[in-house]
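Below is one structure, written out as structure tokens; comments come after it.
The values are calculated or read from the model by the stated rules, or taken from the named source; none is laboratory data. Worth saying up front: this structure is predicted, and the values here are computed from it rather than measured. Every residue, glycine as well, gets a Cβ built from its backbone with ideal geometry; the counts of neighbours run over all protein chains shown. Note: accessible area is taken over every heavy atom of the protein model, side chains too, but ligands, DNA and RNA are not part of it. Shrake-Rupley method; radii C 1.70, N 1.55, O 1.52, S 1.80 Å.
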Amino acid sequence: MNAEGPPSGLSPRREGLLQSLNCDRAYGLALLAVCALLALLETGGDPVRNALGYDRPALAAGEWWRALTAHFVHLDAAHATLNGMGLVLMWALFARDYSPLRWLAIYLFSSLCISAGLWLWDPGVTKYVGASGSLHGVMTAGTLAHLRRRDLDGWILATFIVVKLAYEQLAGALPFSSSGNTIVDAHLYGAVGGIALAIFLRSNPGR
């Protein structure tokens, strides 16, 4: 054992805690970078939001990039903060379950599924922004990885996801969410997209 502690300079206990939360070393730096990107986009305010958000007429006019970029911008700072907290939670639960490139593919594919779903089945939704739907894709993909390893928490997570999505479809947004701005179908489309792609991707066998 290195008597001087781990290369990070942290005590073994703190290093172990950060690792258990997937926030150690490169993982921690990557999480900070993603959060910084979301914060940076939020500082652009309405001009950035209007240029990158899902906008049905603009998509019809050929601004196809909105199908992806809508899932990186938010209604306001409070919305961005809530989604940032969701990102941190998903990171702590699942970051090591797939390679970084596979996670990127899962997030982007989930985002495209949301945009496609809104376009095809929710024509009344003309504008949409936010990462929560795509994070549902992350959650279903990560849960599938846990189920493949036969982890107990995989079944707990799977039950939670099914109950949550069913409740939203039957009763609307959860009471603690900003129900006036929540498009619950985006959560369903994102969840379906995440698990659909994850079925074809190899997850890491252990953490």
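Out of curiosity, is LEU93 buried (at least 18 other Cβ atoms within 10 Å of the Cβ), within 20 Å of ASN181 (Cβ to Cβ), within 13 Å of the chain's Cα centre (by Cα) and hydrophobic (A, V, I, L, M, F, W, C)?
No; evaluated as a whole, the condition is false for this residue.
Looking only at the range 44-80, which residues are of a type in the set (Asp, Glu) and open to solvent by less than 30 Å² (accessible area, probe 1.4 Å)?
ASP55 - this is the single residue of the range 44-80 that is of a type in the set (Asp, Glu) and open to solvent by less than 30 Å² (accessible area, probe 1.4 Å).
Yes or no: the range 96-103 includes at least one residue that is modelled with pLDDT of 95 or more, over 22 Å from ALA196 (Cβ atoms) and buried (at least 18 other Cβ atoms within 10 Å of the Cβ).
no
Using beta carbons and a limit of 6 Å, which pairs, at least six apart or on different chains, have the first residue in the range 16-27 and without any contact (Cβ under 8 Å) to a residue 24 or more places away in the chain and the second one assigned to a loop (DSSP other than H, G, I, E, B) and surrounded by 13 or more Cβ atoms within 10 Å (Cβ to Cβ)?
LEU18/ASP24
Restricting attention to helices (runs of 4 or more DSSP H) lying wholly within the range 4-95, give those where 3 or more residues are of a type outside the set (A, V, I, L, M, F, W, C) and farther than 30 Å from ARG149 by Cα.
45-52
Which condition number in (1) at pLDDT 95 or above; (2) under 27 Å from GLY124 (Cα atoms); (3) open to solvent by 30 Å² or more (accessible area, probe 1.4 Å); (4) not polar (S, T, N, Q) is the one that VAL88 fails?
Among (1) at pLDDT 95 or above; (2) under 27 Å from GLY124 (Cα atoms); (3) open to solvent by 30 Å² or more (accessible area, probe 1.4 Å); (4) not polar (S, T, N, Q), VAL88 violates only (2).
Let's see how each residue does on (1) surrounded by 18 or more Cβ atoms within 10 Å (Cβ to Cβ); (2) part of a helix (DSSP H, G or I); (3) not hydrophobic (A, V, I, L, M, F, W, C):
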| site | (1), (2), (3) |
| --- | --- |
| VAL162 | no, yes, no |
| TYR167 | no, yes, yes |
| LEU170 | no, yes, no |
| PRO175 | no, no, yes |
| ASN181 | no, no, yes |
| HIS187 | yes, yes, yes |
| ALA191 | yes, yes, no |
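So ARG150 passes all but one of these: (1) in a helix (DSSP H, G or I); (2) exposed (fewer than 15 other Cβ atoms within 10 Å of the Cβ). Which condition number does it fail?
(1)
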